[in-house]
Amino acid sequence: MNAVEIISKKREGRPLDPDEISLMVDGYVQNRVPDYQMSAFLMAVVLRGMTPDETLALTRTMIASGSSIDLSSVPGVKVDKHSTGGVGDKVSLILAPLVACAGVPVPMMAGRGLGHSGGTLDKLEAIPGFCTRLSKDAFVRQVLEIGCAIAGQTDDIVPADKKMYALRDVTGTVSSIPLICASILSKKKAEGTDALVLDVKMGKGAFLPSRGETKLLAQSLVELGNRLGIRTEAVLTNMDQPLGHAVGNWLEVLEAGNALQGKGPGDLMEVVFALGGMMLLLGGKVRTGGEGIRALHPILESGQAFEKFLSMVNSQGGDAIVVERPDRYPHSAPRFALKSPCSGFVGGLNALEVGQLAVMLGTGRMKQEDSVDPSAGIVFYKKTGDGVQAGETLADVYTHRGDIERFSQRLMKAYSFSETPVSKPAMAEGFVDANGTIGIPMSNPDYS
């Protein structure tokens, strides 16, 4: 078949065989299939979906478009973590060194900010000198020597995904569960990981705001990961409001550093421990997720995890002194305070509104060529369930961009207030096991 026939077949809702999928993907990577035909194919997938077998074939074809990393020289079960994207989500910066200290190697390929969601690479590059472009040899060597590495996708790792994703981003074809699964899992398989814990965000600031769709995404990711030979499980976490206090690249590095020294906010650490416990379980270090959580507490309290983070920063060319002494940070943004208009309780803090405003402040990109201001962002002092007095500071906003009044108005719209007490949200809402079964919340005593 040719590209037109394959597009027509998918448009009609008929399943494609692996050779037809390969013809489209390989043809696109090798410039035999033009952008307009691939755009039509992707839109047909968005509208008609894919069967699990089609998604598996698509993922395997994408993996085969480039080379893979061989981590066989690293002893032990290699476990990665991936988040579907959120606001204030600096969890990877904490988990990689923390889990590595527990004896589980963590090879992590991360991405940049997308829309209102922050990117791990952008956060790390807020550290002066930090290099996220590691060669495959350097990546493997660092995981072997230090126990963890966080780097970006190299040009020869799944080039099909890089090219297809750039097209999806400008053709309205990002929100497709089969395409999302193939994009994520192709990179995870190519990086050589043995096991994967997925942090699938749910709520207003999540990639898919519908909780039903998010659960389906989690189950689809877990099924595909396991079919690829990666032992995969997922944690469903709350993203109705920003995670932790800080939103913004350098501000989140600071908060991650504090968390690694035992001073992390409760909601952030709930997510860290839920994911970390599962990583230790999949890494063969413990028998249950709850046992994994208990094993992480003394590591955090000992200071080992922060030292491991500094080692990773040093290894990747970053200025570890600045991480230890934030007062020496060479960049700074003007600060202004947002004051509460009333007394009572914070009823809610919309993560999507906050994420979109943060990009306007300079934390992310509205266009691919935009530059990122590492010091821009927001630090929240009051979130859902907190009591507040009129005139009390809700948040500090940092930006070099000018329209402070407009930013203040936009941030205030993200808040809602209540005269009566409001419960703080549970952060870890459940998990999806290797069979795709949605399990009990992480707060259940059987887990923790």
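Bear in mind these aren't lab numbers, they're just calculated from the coordinates by the rules spelled out. This is a predicted model, so every value here is computed, not measured. Ideal geometry is used to build each Cβ from the backbone, glycine not excepted, and the neighbour counts take in all protein chains shown.
Can you bin the stretch 3-49 into rounded, prolate or oblate? Criterion: square roots of the alpha carbon gyration tensor eigenvalues sorted a ≥ b ≥ c, rounded for a/c under 1.5, prolate for a/b above b/c, oblate for the rest.
oblate
Order by neighbour count: Val170, Val200, fewest other Cβ atoms within 10 Å first, most last.
Neighbour counts put them in this order, fewest first: Val170, Val200.
From the P(r) of the stretch 112-227, can you give the percent of Cα pairs sitting at distances over 17 Å?
Here the long-distance tail beyond 17 Å is 64 percent of all Cα pairs in the stretch 112-227.
Using alpha-carbon pairs under 8 Å, 6+ residues apart, how would you state the relative contact order of the chain in percent?
19
So if I take the alpha carbon set of the chain, get Rg, then get Rh from the Kirkwood formula, what is the Rg over Rh ratio?
So for the chain, dividing Rg by the Kirkwood Rh gives 0.96.
Report, in whole Å, the centroid distance computed from the Cα atoms of the stretch 36-84 and the stretch 251-304.
Using only Cα atoms to place each centre, the spacing works out to 29 Å.
Based only on other Cβ atoms within 10 Å, what is the fewest-to-most ordering of Val322, Val45?
Val322, Val45
Taking the Cα of Tyr36, stepping 7 Å toward and past its beta carbon, and measuring to each backbone N in the stretch 7-22: which are under 13 Å?
Nothing falls inside the zone, counting backbone N under 13 Å.
Output ³J(HN,Hα) for the stretch 49-64: one whole-Hz value per residue in order, computed from phi by the Karplus curve 6.51 cos²θ - 1.76 cosθ + 1.60 with θ = phi - 60°, and x for Gly and Pro.
x, 9, 6, x, 5, 4, 5, 4, 5, 4, 5, 5, 5, 5, 4, 5
Under the classification rounded if a/c is under 1.5, otherwise prolate if a/b is larger than b/c and oblate if not, where does the stretch 196-242 fall, given a ≥ b ≥ c as square roots of the Cα gyration tensor eigenvalues?
prolate
For Glu405 and Arg211, calculate 0.36 nm times their separation in residues minus their Cα-Cα distance, and state this gained length in nm to one decimal.
Full extension from Glu405 to Arg211 adds 66.4 nm.
For the stretch 321-384, which trypsin sites (Lys or Arg not before Pro) are both in a DSSP coil and crowded by at most 15 other Cβ atoms within 10 Å?
Lys367
Considering only DSSP beta bridges with both partners in the chain, what is the antiparallel share in %, to the nearest 5?
Around 55 percent of the beta bridges assigned by DSSP in the chain are antiparallel ones.
Within a 10 angstrom radius of the beta carbon, how do Met38, Met412 rank from fewest other beta carbons to most?
Met412, Met38
Along Cα→Cβ, 7 Å out, is where each label goes; now give me the distance between the ones at Met412 and Lys339 in nm to one decimal.
Output for this residue pair reads 1.1 nm.
Counting other Cβ atoms within 10 Å of each Cβ, which trypsin sites (Lys or Arg not before Pro) in the stretch 169-273 have at most 15 and sit in a DSSP loop?
Lys263
Please turn the phi angles of the stretch 378-389 into ³J(HN,Hα) values with the Karplus equation 6.51 cos²θ - 1.76 cosθ + 1.60 (θ = phi - 60°), one per residue in order, whole Hz, x for glycine and proline.
9, 10, 9, 10, 10, 10, 3, x, 7, x, 8, 10
Would you mind working out the magnitude of the charge dipole of the stretch 31-160 relative to its Cα centre, with +1 at each Lys and Arg C-beta and -1 at each Asp and Glu C-beta, to the nearest 20 Debye?
Around 120 debye, computed over the stretch 31-160.
Past 27 Å, Cα to Cα, is the threshold; run Lys10/Lys163; Lys9/Lys188; Lys189/Lys308; Lys90/Lys162; Lys263/Lys383; Lys78/Lys424 against it and keep the listed order.
Over 27 Å Cα-Cα: Lys9/Lys188; Lys78/Lys424.
So what's the angle, to the nearest 10 degrees on a 0 to 90 scale, between helix 304-315 and the longest Cα principal axis of the chain?
Helix 304-315 and the main axis of the chain meet at about 60 degrees.
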